[in-house]
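Each remark here refers to the structure printed beneath this line.
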Amino acid sequence: MKVLVVGSGGREHAIAWRLLQSAAVTQVFCIPGNGGTATLPNCRNVSLSVDDFEGILRFAQVQGVALTVVGHELPLALGIVDFFLAANAPIFGPTRAGAQIESSKSWAKELMHQAGIPTAMSAVFTDLNAALTYLGDRTLPIVIKADGLAGGKGVTIAHTQDEAQATLIQLFGGALGDAGSTVVIEEFLAGQELSILAVTDGQTIRPLLPAQDHKRLEDGDRGPNTGGMGAYAPSPLLTDSLMIRIEQEILQPAIATLRQRGIDYRGCLYAGLMITSDGTPYVIEFNCRFGDPETQTILPLLDTPLEQILLACTEQRLESLGALKWLPQCSVCVVAAAQGYPQKVETGHFITGIGKATEQGGLVFHAGTKLKNNSLVTHGGRVLGITCLAPTHKEAITRAYHALDNIYYEGMIFRKDIGHRALAPSTPETTALNSDPTPEDIGAQSALE
Ligand SMILES: Nc1ncnc2c1ncn2[C@@H]1O[C@H](COP(=O)(O)OP(=O)(O)O)[C@@H](O)[C@H]1O
Ligand SMILES: [Mg+2]
């Protein structure tokens, strides 16, 4: 079968690579793809924009594509799935209505309240003065979120009243356009973040292995937020009892409540969680697609053919697929970015050493790369991710950094402590994580890809 993947990040490269491991998948197309998908055997990039639904659908039909998988949130929020379904073309992802769970934070909050899902206390504003008044007597720090899609730039953790007020003034002043014309103000939760990506056919929901991301740019979880500087799976934070709570208190109620609203959600539902000191899993946000870089660590551990899972979701027969199978290994992904990320970066630098890294067991998933005259050059903020598997997290970390040592491009940056939390498994009680980003951490950021 032929599969089409929509997007251009490390996530999409990992999806394309995993699909092509299956005997059943003969050809993958990526729209628009990157330098990694361009050089993956049996994979071809197609130069169309992710919001050109007519072009994408026509391509899928002409090529006889059996399934389209949408990696990126933007086309989902714009309704690519509705467009495909209207033409009876199989596609993995939620409809525009379902994608609101990511594209509107206030909509997601409302759904969580209706479903009884634990989440930070919050209020929604469409008016600056009302928001400023509400702010008056709140405890600090406080979290201010633009309602709409903001490419990772929409959340500020404010430590002072001045900072909180300035953020509101900017948002209501149009700094993020429409995305910031509605604002969610919510209580700050301390704890450990955990990513639970689950696949669902709208009835049954199955979590994938739990992963943890490293959001901050610098070692020791300092510096600005990024799209993610590395990840590891499975997360030692997730005990069996915590997983049961997450399924019963979060995943199943979310799907049931979506269904009650007439939304038949088929695709990936990603719960970004904060596990607080008493062990309660709170939802920080939902995403309507696979996470990046988490997907680069999760899919290499997956033993069930990916296309079987995706098709079972789109054909609403996930229950009968049975339990998903996993390799009993640990997986660590270190992201290499470009100097200046997450702000403005230079592109066009030659990348060397990928062959050597691969020989040493590294799975090199590309993000911001492209082929220029048959040479691989940098083409974005996050350039690539190197994933290694091993029986322990410790060994996987060593292997990933060892493989990464071979790779070079001008201005390459990466964190040196990816996976550190997996080495010293700590209960949330003993972990002072996600506490206190400094005000300078919260600068304006360019799109975090
Ligand atoms: N209520 C909260 N308490 C503490 N930290 C938060 C809270 N909400 C968000 N954050 C932090 O901000 C990051 C981004 O917030 P999130 O809601 O995931 O927005 P987005 O991913 O759309 O930018 C989170 O990964 C988390 O580190
Ligand atoms: Mg997030």
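Computed quantities for the displayed model
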{"item": "Single match in 49, 8, 22 (criterion: of a type in the set (Ser, Thr, Tyr) and within 19 Å of the chain's Cα centre (by Cα))", "result": "8"}
{"item": "Considering residues of the range 186-196 that are part of a strand (DSSP E or B) and surrounded by 22 or more Cβ atoms within 10 Å (Cβ to Cβ) only, the residue nearest to ligand 2 (Cβ to nearest atom)", "result": "195"}
{"item": "Yes/no for residue 26 being assigned by TED's automatic domain parsing to the domain that holds residue 85, over 23 Å from residue 308 (Cβ atoms) and open to solvent by 10 Å² or more (accessible area, probe 1.4 Å)", "result": "no"}
{"item": "Flag for residue 202 being within 15 Å of ligand 1 (Cβ to nearest atom) and among the small types (Gly, Ala, Ser)", "result": "no"}
{"item": "Filter pass, residue 115 being open to solvent by 20 Å² or more (accessible area, probe 1.4 Å) and closer than 26 Å to residue 280 by Cα", "result": "yes"}
{"item": "Some residue of the range 153-176 being on the phi > 0 side of the Ramachandran plot and either buried (at least 16 other Cβ atoms within 10 Å of the Cβ) or within 16 Å of ligand 2 (Cβ to nearest atom) (or both)", "result": "no"}
{"item": "Identity of the residue in the range 255-295, in a helix (DSSP H, G or I) and within 16 Å of ligand 2 (Cβ to nearest atom), that ends up surrounded by the fewest Cβ atoms within 10 Å (Cβ to Cβ)", "result": "294"}
{"item": "Positions within the range 215-225 being modelled with pLDDT under 95 and within 16 Å of ligand 2 (Cβ to nearest atom), in sequence order", "result": "215, 216, 221, 224, 225"}
{"item": "Residue satisfying all of: in the range 55-77; free of Cβ contacts under 8 Å to residues at least 40 places away in the same chain and out of contact with any helix residue (DSSP H, G or I) (no Cβ under 8 Å at 6 or more places or on another chain); surrounded by the fewest Cβ atoms within 10 Å (Cβ to Cβ) among these", "result": "62"}
{"item": "Residues located in the range 304-354, provided they are surrounded by 19 or more Cβ atoms within 10 Å (Cβ to Cβ), more than 30 Å from residue 224 (Cβ to Cβ) and among the polar types (S, T, N, Q)", "result": "314"}
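To keep it simple, each residue is scored yes or no on (1) away from ligand 1 (no atom under 12 Å from the Cβ); (2) in a loop (DSSP other than H, G, I, E, B).
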residue: 134; (1), (2): yes, no
residue: 137; (1), (2): yes, yes
residue: 145; (1), (2): no, no
residue: 148; (1), (2): no, yes
residue: 152; (1), (2): no, yes
residue: 156; (1), (2): no, no
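So that you can scan it fast, the table gives a plain yes or no per residue for (1) assigned by TED's automatic domain parsing to the domain that holds residue 171; (2) surrounded by fewer than 22 Cβ atoms within 10 Å (Cβ to Cβ); (3) more than 28 Å from residue 142 (Cα to Cα):
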residue: 80; (1), (2), (3): no, no, yes
residue: 83; (1), (2), (3): no, yes, yes
residue: 86; (1), (2), (3): no, yes, yes
residue: 90; (1), (2), (3): no, yes, yes
residue: 101; (1), (2), (3): no, no, no
residue: 106; (1), (2), (3): no, yes, no
residue: 125; (1), (2), (3): yes, no, no
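The values are calculated or read from the model by the stated rules, or taken from the named source; none is laboratory data. In this text the structure is predicted, and so the values were computed from the model without any measurement. We place every Cβ from the backbone using ideal geometry, glycine too, and count neighbours over all the protein chains shown. Calculation scope for accessible area: heavy atoms of the full protein, side chains included, ligands and nucleic acids excluded. Shrake-Rupley method; radii C 1.70, N 1.55, O 1.52, S 1.80 Å.
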